[in-house]
Amino acid sequence: MRLLEQQNFHDQRAIVRVDFNVPLNDELQVTDKTRIQAAKPTIDHILSQGGSCVLISHLGRPEGRDPKHSLKYIVDTVSEILGVSVLFCDQVVGEKALNASGQLMPGEVLLMENLRYHKEETKGDEAFAEQLSKLGSVYVNDAFGTAHRAHASTTIMAKYFSENKCFGALLAKEVKAIDKVLKNGESPIVAILGGAKVSSKITIIESLLDKVDHLIIGGGMVYTFTKALGGTVGNSICEPDYCDYALELLDKAKSKGVVIHLPVDVVAGDTFSNDANQRVFESNTIPDGWEGLDAGPKSCEKFHELILQCKTILWNGPLGVFEFPNFAKGTITVGESIAEATKAGAFSLVGGGDSVAAVKQFGLAPKMSYISTGGGAMLESLEGKTLPGIAALES
Ligand code: AMP
């Protein structure tokens, strides 16, 4: 892995692929600055070494040059976060783009227009990638959020920089955090997998069985396992087509020495709503008219004990319907257990959309060792895939 620190930026113009795909409100103001803040260390480093930065990113999924998706709306926010007056070019390739980047002086930052105004970007078009490569002399990829896409700016353009390419600080941090769990995690290692459906987590579960000592299964996935084991699940979310698979998985885990932990009790509601009447049932005896919506108190206690014994913790997916405050307790409790274990010295990685949202919502984010910035990229990493954006930097 070629790191930022190993690259010479003095008098160099670095093209930095950042992930500035930030949410904008109706007034086109940035409502969550996390991704811009996450790119700051890389940009600061390049500038401090006497280089300049050409920032390239996508924003949303525009059809053609939809003005609502212009990166010009984020220029002020980027300037404020970097503490530098950021220049903007309303093109990303072509003469105007080349002129703007060519005039950049050391210490300056130029943000280019949305890459996805060109359909060639997502197609991974070679000619488009070659044009992008002419914007600078060094290529830095710091966009973990799109590292699982073989797009022109995230993967294809790397080949035009035989030596002069490297990982950005954020990308390197993400890869190291994942390796710290999947390749060199200290035992015992526990993965906590929640979320709605078994069917969407199959490859992750399969891949994790080779890496962890314990697997906690929570959320809506539980009921497919419970049904497969002969329990009654009432109206709980369940995928009967995956019952055989669930049994197979339990067998596989056993043969690999991985202990699977399912909730022993659940908090159920009589409707799928925050205001539903609540009752706690053993997880395999949920009567008709009730659906499991959260992990129960006994389960949380057991999970707490286990999590505190572990030295490496991976968390993906909520333990219940945490969007309903009345069914968020399991997710919060598990988050607090992870925070406590982390304080005691364990390494904890939280990744994949909803669990990241949950830890942020419940104020637990600062108590985790690492929170991934990439949803899809994180999930594909957990599936054991090599991300094309990362492979391109290493070849
Ligand atoms: P995923 O995207 O697969 O990680 O699923 C996240 C979603 O799973 C969240 O929106 C949760 O509300 C939902 N979820 C978690 N537990 C349950 C459950 N017991 N029943 C229905 N949905 C659930």
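The values are calculated or read from the model by the stated rules, or taken from the named source; none is laboratory data. These numbers come from a predicted model, not from an experiment. FYI the Cβ positions are ideal-geometry reconstructions off the backbone, even for glycines, and counts take in every protein chain you see. The accessibility values were calculated without ligands, DNA or RNA, using every heavy atom of the protein model including side chains. Shrake-Rupley method; radii C 1.70, N 1.55, O 1.52, S 1.80 Å.
Using beta carbons and a limit of 8 Å, which pairs, at least six apart or on different chains, have the first residue in region 23-45 and under 14 Å from Phe167 (Cα atoms) and in a helix (DSSP H, G or I) and the second one open to solvent by 50 Å² or more (accessible area, probe 1.4 Å) and of a type outside the set (A, V, I, L, M)?
Pairs that qualify, where the first residue is under 14 Å from Phe167 (Cα atoms) and in a helix (DSSP H, G or I) and the partner is open to solvent by 50 Å² or more (accessible area, probe 1.4 Å) and of a type outside the set (A, V, I, L, M), are His45/Glu5.
For region 325-347, what are the residues that are away from the ligand (no atom under 14 Å from the Cβ) and among the hydrophobic types (A, V, I, L, M, F, W, C)?
Ile338, Ala339, Ala341, Ala344, Ala346, Phe347
Being β-branched (Val, Ile, Thr), buried (at least 24 other Cβ atoms within 10 Å of the Cβ) and more than 15 Å from the ligand (Cβ to nearest atom), is that true of even one residue in region 180-192? I'd like the intermediate steps shown before the answer.
Of region 180-192, the ones β-branched (Val, Ile, Thr) are 181, 189-190, 192.
Filter once more, so that each one left must be buried (at least 24 other Cβ atoms within 10 Å of the Cβ): 181, 190, 192.
Then keep just the ones that are more than 15 Å from the ligand (Cβ to nearest atom); that gives 181, 190.
Within region 180-192, one or more residues are β-branched (Val, Ile, Thr), buried (at least 24 other Cβ atoms within 10 Å of the Cβ) and more than 15 Å from the ligand (Cβ to nearest atom).
So how many residues does region 286-324 have that are within 16 Å of the ligand (Cβ to nearest atom), of a type in the set (Val, Ile, Thr) and in contact with a Ser or Thr (Cβ under 8 Å, 6 or more places away or on another chain)?
1
Quickly run through region 242-272 and pick out the residues that are open to solvent by less than 60 Å² (accessible area, probe 1.4 Å) and farther than 18 Å from Thr232 by Cβ.
Matches in region 242-272: Tyr245, Leu249, Leu250, Ala253, Gly257, Val258, Ile260, His261.
Please identify the pairs in which a residue from region 243-255 that is closer than 20 Å to Lys211 by Cβ has its Cβ atom under 8 Å from the Cβ atom of a residue that is of a type in the set (Lys, Arg) and not in a helix (DSSP H, G or I), counting only partners at least 6 apart or on another chain.
none
Looking at region 49-71, is at least one residue β-branched (Val, Ile, Thr), touching a Gly at 6+ places or on another chain (Cβ under 9 Å) and surrounded by 22 or more Cβ atoms within 10 Å (Cβ to Cβ)?
Here is the first cut: in region 49-71, the ones β-branched (Val, Ile, Thr) are 54, 56.
If we keep only those that are touching a Gly at 6+ places or on another chain (Cβ under 9 Å) too, we end up with 54.
Of the ones still in play, those that are also surrounded by 22 or more Cβ atoms within 10 Å (Cβ to Cβ) are 54.
Yes, region 49-71 contains a residue that is β-branched (Val, Ile, Thr), touching a Gly at 6+ places or on another chain (Cβ under 9 Å) and surrounded by 22 or more Cβ atoms within 10 Å (Cβ to Cβ).
Restrict the check to region 14-21 and report whether at least one residue is at pLDDT 95 or above, farther than 28 Å from Val356 by Cα and not in a loop (DSSP other than H, G, I, E, B).
yes
Considering each residue of region 1-33, count those that are out of contact with any Lys or Arg (no Cβ under 9 Å at 6 or more places or on another chain) and open to solvent by 30 Å² or more (accessible area, probe 1.4 Å), and give that number.
Total meeting the criteria: 16.
Looking at region 197-246, which of the residues that are farther than 29 Å from Val181 by Cβ and not in a helix (DSSP H, G or I) is nearest to the ligand (Cβ to nearest atom)?
Ser236
Of these, Thr77, Thr31, which one is touching a strand residue (DSSP E or B) at 6+ places or on another chain (Cβ under 6 Å), more than 18 Å from Asn141 (Cα to Cα) and polar (S, T, N, Q)? Outline the logic, then answer.
Working: Thr31 fails: touching a strand residue (DSSP E or B) at 6+ places or on another chain (Cβ under 6 Å).
The unique qualifying residue is Thr77.
For every residue, the table says whether it meets (1) closer than 22 Å to Cys238 by Cβ; (2) of a type in the set (A, V, I, L, M); (3) over 24 Å from the mean Cα position of the chain (by Cα).
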site: Asn274; (1), (2), (3): yes, no, yes
site: Ser283; (1), (2), (3): yes, no, yes
site: Phe322; (1), (2), (3): yes, no, no
site: Ala341; (1), (2), (3): no, yes, no
